[in-house]
Amino acid sequence: LATMREMIDELCDYSVIAVGHETLACESVVVYDLVSSVLVDYYEAIAARGWEPQVDFDDESYRAMCPEGDLRRVLSNLVGNVLKYGAGAPHITLRGDVLHVSKKVADPSAIDTARMFDRFWRGDPTRSSGGNGLGLAVARALCERMGMGIEASVCQDELDIAVTFMA
């Protein structure tokens, strides 16, 4: 029941985000501070795995103009994805106006970067980690709503999700 409730909540959230036409209340958000806050939110789960996230920003004072709550949700979904499916701690870097959230993966050949942001798509339907295929779809919908880009790529044994902020 808890899994079903979580999936229904995420589906409702996705629906609201995908069809939302309200004007966004943008604010100047220090991205480093927000990333740090999201990592603190996940501290127990990260520590339980014995992981130590690596955070490396060219500019720790970099600011993005966006709704802070929406960006927090994107970052939370990306970190949550690392915890569910990653084979190692997240690496979060900011280079210019592009934020990268990278993680080691057990089977890079199984990742379909063209589909991973689709609703309900799961890379491996047999995995038992409780995902419902909505987290990255919500992240993409929020990024599109904020005028940001989001894309994924695989290099060797790492999946990299890049969020490009508005210029």
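Summary of computed values
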{"quantity": "Karplus-derived 3J(HN,Hα), 6.51/-1.76/1.60, for each residue of the stretch 43-57, Hz, glycine and proline x", "calculated": "3, 4, 5, 5, 5, 4, 8, x, 8, 10, x, 10, 10, 9, 10"}
{"quantity": "Amide H partners (placed H, <5 Å) of F57, local residues excluded", "calculated": "L94"}
{"quantity": "In order through the stretch 67-82: 3J(HN,Hα) via Karplus (6.51 cos²θ - 1.76 cosθ + 1.60), integer Hz, x for Gly, Pro", "calculated": "x, 4, x, 5, 5, 4, 5, 4, 4, 5, 5, 5, 5, x, 5, 4"}
{"quantity": "Accessible area of H100 in the full protein assembly, 1.4 Å probe (Å², nearest 10)", "calculated": "50"}
{"quantity": "Using θ = phi - 60° and Karplus 6.51 cos²θ - 1.76 cosθ + 1.60, couplings along the stretch 26-34 (whole Hz; Gly, Pro as x)", "calculated": "7, 9, 7, 10, 7, 5, 4, 5, 5"}
{"quantity": "Neighbour net charge for L94 - beta-carbon separation under 10 angstrom, K R +1, D E -1", "calculated": "-4"}
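The values are calculated or read from the model by the stated rules, or taken from the named source; none is laboratory data. Just so we're clear, the structure is a prediction, and the values are computed from it rather than from any experiment. Positions of Cβ are generated from backbone atoms using ideal geometry, with glycine treated the same way; all protein chains shown enter the neighbour counts. The protein model used for the area step is the full one, side chains on, heavy atoms only, and it has no ligands, DNA or RNA in it. Shrake-Rupley method; radii C 1.70, N 1.55, O 1.52, S 1.80 Å.
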